[in-house]
Every structure is written in C-alpha cells, then in structure tokens.
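Here's the structure, in structure tokens; my notes come after.
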Amino acid sequence: MSTQSSHKTEQTDIFTQVRSFNDYLKTIPRMWAMFLVLALIGAVVGYFVANKTYTPVYTASSTFTVNIKNEQSITMQSDFYDNIAAEQMAQTFPYILTSDLLQRKVEADLGTPITGEINASVVENTNLLTLSVTDKDPQMAYKTLESVIKNYPYVSESVVGKVTMNTLDETGIPTKPDNPMEYRRTILSCVLIGLFIAFLWSFLIFIVNRTILHKSEIKNKLGLNLLGSIPKINIKKRSNSPQNYFLITDENVKGIIEEPFRMVRNKIEYIAQKNKYKTFLITSAIPTEGKSLFAANLSLSLASCGNKVVLIDCDMRHPTGRSIFGLEQGNGLYEYLNEEISLSEYIDIAKSNNPYTTENFMFLPGGKAIADGSTLLFSERMEQLLNYVQEQSDYVIIDSAPTGILTDSVTIAKYVDAGILVIRQDYATIDIINDALSHLSESDTSIIGGVLNEA
C-alpha cells in the first residue's frame, strides 16, 4: 500500500514539473537582450560572410553574323546556308572548345592557361552567333573573347566549311559584375540563424529552469502552504510620482490588489488566532522579490479592518520602507540600535512620519544602511523595541533582509512567532529557496506559508 502511495506521489511530482509552452512564451520578454545580441551577432557574421564568400564574375560577349563562303551556292540559298552554318557552329562549339587545337591556340595568344568559361549560342532561324567568356577578371574575360573570335573560325572550318564572322556588337571590357553582391539575403539568413539559436538556448534554459512559475508549485515543490498570490500591475506610474511602488491605498490599483491582499490577510489572521501569533517576519530568498512592498501592503490591509499594526523596516542592508511610503530619509532603526537615539525618540520619529492619519498603523523606518546588521539585531535594544511594540499593537510585521544572502533574518527570526516567505514568480531557483528555508529552520521559526509575487 505504501509502495503504491509512493509511486503515485512520484508521478504527481513529475506531472507538476511539466512546463507548458505558454509558460515558455511568457519568459521570452525577459530574455529580449539575448535575442537582440544574437541577432546582431548574426547580422555582423552575415556581413563578413557575404564579403568573404563573394566572388564577382564578368562576362564579355560579342555577336556576329556568320556567312558561309560557297561560290557554287545561289543567292537565294545564301541566307539558308548561313543560318545552317551558324547553327552548326553553335552545336559543335562544345566539342571544338574542348579540343586541344583551340585551347592551344587561345592559350598561345594569351600566354596563360584559360581561366574563364567560354560559351556560344545562336538565335534560332538566323545566322547570328554570340560568343561569350565569363571570368573573375574582366580584362582576362575580354582578352579570352578576342582570342576565341580570332581562332574559332579556323578550328571550325573542318566542320562547317570556310565562314566569315562579321561583328555586330560587343561589350568591350565588362565594368559591372554579373552577380552583384547580395548582402541582404546573407545577413537576413544569419540573423534568422542567430534568432533560432537564441530560441533553442532560451528553451533549454526554460527546460532546466527550477523556479516557481505557478501557485501550485509552492506546495508541490517547496512543501509550503500557499497564502495567496499578488497579481502583476500593468499600470505605469505617473512621471511626477516620487515613488515606484503601488500600495493598496492607491485608488488607481486598489481594485486590482485589494482583494488578493484581503485573502492573504484572512488566512494570516486565521492562523494567528488559532496559534496566538502576533509577530510575523516577512522575508525572501534573494533581493528584489517584492518582500518590502508586500510587508507594507499586508500591514495596511491588517490595519484597514481595525487591527493595531506596527511595521518595522529591519532590512538594514537595504531599507526601502521610506521609499515605499514616499518619506524623506533620516534616523531610524540603525541609529536606535547603535544607541544614537533613544527608544522614545525613535517612536516619535515614527509617529511624526506616519504616512497615514489612522492611529492604528505605525511605521518604524530603517536608518543608515549597513552591510551586516545581525550583531545589532541580536541585542537587548532590539528586544526592548519588540517588547514595546507588541504591547502597543495587535500585529507586528517585520520586513527583514533576504534570508538566502544574510544572517539578519535568521537572527531576528528568534524574536518572532512565525515567518512568511515572498517568492517572486520565475526568479529564485528552488534550490536557493530551500536553502533559505533551511536557514530559517535553524531558528525554530514556524514558516506559515509562501506568497507568490507575480510582478
């Protein structure tokens, strides 16, 4: 029975790892740079290939009337015989051309072996014969043509009799190649090859990619409860906007993100009431996954239904809370923990900089950014701060540094009741996320779930 269950679980896990082609198409916009670079490389390669492989060829030609010298022929039949002679000369030309006699005569005139291609053609039912020579060298093409015109009648005399060739038209030394360089086709072909390589490369990356694409994968691949997902907002910020973040209080996006945050809030409140949790750590595996904005919106959502909420910006490496709320920079958590300001002064700063008039929300900003704040976070002053805000609030939301790169989150996790992991869609790999969860587990912190950020 257990074997069958294990087999089913394995099959389910394999099924959940299958990615659809639509998922792949969604990743292409993020790889536009690779497509552009390979297309440009293809264009450059195409240009050089076109130059390297291009060999111009030139054709020198001359058209003649062919007249047979036959004293016994009558005048009415003269044209008829001339036409036959021209046709016979053209038909026998391939054999005459390959004969040693003509080649020796032409090469003797030129003083060099024949390098071009010699052809003969006749206009049907006429005595007009055209000789042409195609060569890489235009002067050599013309010289060869002159030699063929000079020696051809003597060589062909044994076949068609004695003929005269009167020149009607000749090209002279050709000035333009028969095959103009075609950059466009070669470049386009190489660009398409570059794009095809980019397609294969990006598809290979997609196939081996181990990131979170769907909400179901948070449970299936990470073993975390899904608290919800935050949709992507495709509204551009106003050019004069001082911030680069969307809050649920913004009327332009309220209808888009208010409901998703309400669902996340309800799940968190249910878990909090069931387990008597009050303090929550918000973190992510790596930077730029949207944890700080999520912490801000979660705090506002909790406060909107009457809860007293305190949000603390504990990301001492990169405090962004002030930017999110559009506040000016100043003293904050670092200055308090470094004993530059007292607890009461820190609280006064928070109250005076409250971005909202509601009394049940308080934002404790970060201060000076430092590379490693774990020593300051693991201190009596941090305990005093948390004890104070816990007494003054229903919920304490702590925005911490990414767990996968710093120990700050692990340090501060010792003070909280539970943690929430923000996971940006198709961003951090599953291995990195699992490493972050392993780090958090060292502090015996309960991770109540993950939130998928689709932005």
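The values are calculated or read from the model by the stated rules, or taken from the named source; none is laboratory data. All values derive from a computational prediction rather than experimental measurement. Because the Cβ atoms are built from the backbone with ideal geometry, glycine has one as well, and the counts that use them run over all protein chains shown. Heavy atoms of the whole protein, side chains included, go into the accessibility calculation; ligands, DNA and RNA do not. Shrake-Rupley method; radii C 1.70, N 1.55, O 1.52, S 1.80 Å.
A cut-off of 5 Å between modelled amide H atoms, ignoring neighbours fewer than 5 places along the same chain, links T279 with V396, D417, A418. 3J(HN,Hα) along segment 31-44: 10, 4, 4, 5, 4, 5, 4, 5, 5, 5, 4, x, 5, 5 Hz, from the Karplus curve 6.51 cos²θ - 1.76 cosθ + 1.60 with θ = phi - 60°, whole Hz, x for Gly and Pro.
Given R0 = 60 Å, the distance between the Cβ atoms of A108 and L25 translates into a calculated FRET efficiency of 0.30. In this simple spin-label model, placing a label point 7 Å from the Cα along the Cα-to-Cβ direction at both E146 and A43 gives a separation of 4.7 nm. Put a dot 7 Å past the Cα of Y54, heading toward its Cβ, do the same for D137, and the two dots end up 2.2 nm apart. Residues of segment 298-339 with an amide N closer than 15 Å to a point placed 7 Å from the Cα of E359 along the Cα-to-Cβ direction: 306-309. Of the chymotrypsin sites (Phe, Trp or Tyr not before Pro) in segment 252-358, the ones in a loop by DSSP (not H, G, I, E or B) with at most 16 other beta carbons within 10 Å are Y356. Each residue of segment 247-253 is assigned a 3J(HN,Hα), and the resulting list reads 10, 5, 7, 6, 4, 5, 10 Hz, derived from the Karplus form 6.51 cos²θ - 1.76 cosθ + 1.60 (θ = phi - 60°), x at Gly and Pro. Model label points for I84 and E170, set 7 angstrom from Cα along the Cα-to-Cβ axis, are 3.0 nm apart. For segment 49-67, the residues whose backbone nitrogen is under 20 Å from a point 7 Å from the Cα of R185, taken along Cα to Cβ, are 49-59.
Using only the heavy atoms of the protein chains and a 1.4 Å probe, how would K221, K368 rank by accessible area, largest first? Walk me through the intermediate numbers first.
Values: K221 35, K368 115 Å².
From most accessible down to least: K368, K221.
The trypsin sites (Lys or Arg not before Pro) found in segment 223-322 that occupy coil by DSSP, while having at most 13 further C-beta atoms within 10 Å, are K232, K236, R238, K276. How many angstrom separate the Cα center of segment 98-169 from the Cα center of segment 184-214? Segment 98-169 and segment 184-214 have Cα centres separated by 54 Å. Extension gain, K414 to S99: 0.36 nm times the residue separation minus the Cα-Cα distance gives 103.4 nm. Orientation-averaged projection of segment 109-156 equals 3.8 nm² [convex hull of Cα atoms, one quarter of hull surface area]. Here L204 and N119 are evaluated by their C-beta separation; at R0 = 56 Å the FRET efficiency comes out at 0.65. Sparsely packed loop sites in segment 145-226 (the GluC sites (Glu not before Pro) outside DSSP H, G, I, E and B with at most 13 other Cβ atoms within 10 Å) comprise E182.
Mind giving me the FRET efficiency for A33 and Q390? R0 is 60 Å, r the Cβ-Cβ distance, nearest 0.05 is fine. Mind showing how you got there, number by number?
Details: r = 47 Å, r/R0 = 0.78.
It comes to 0.80.
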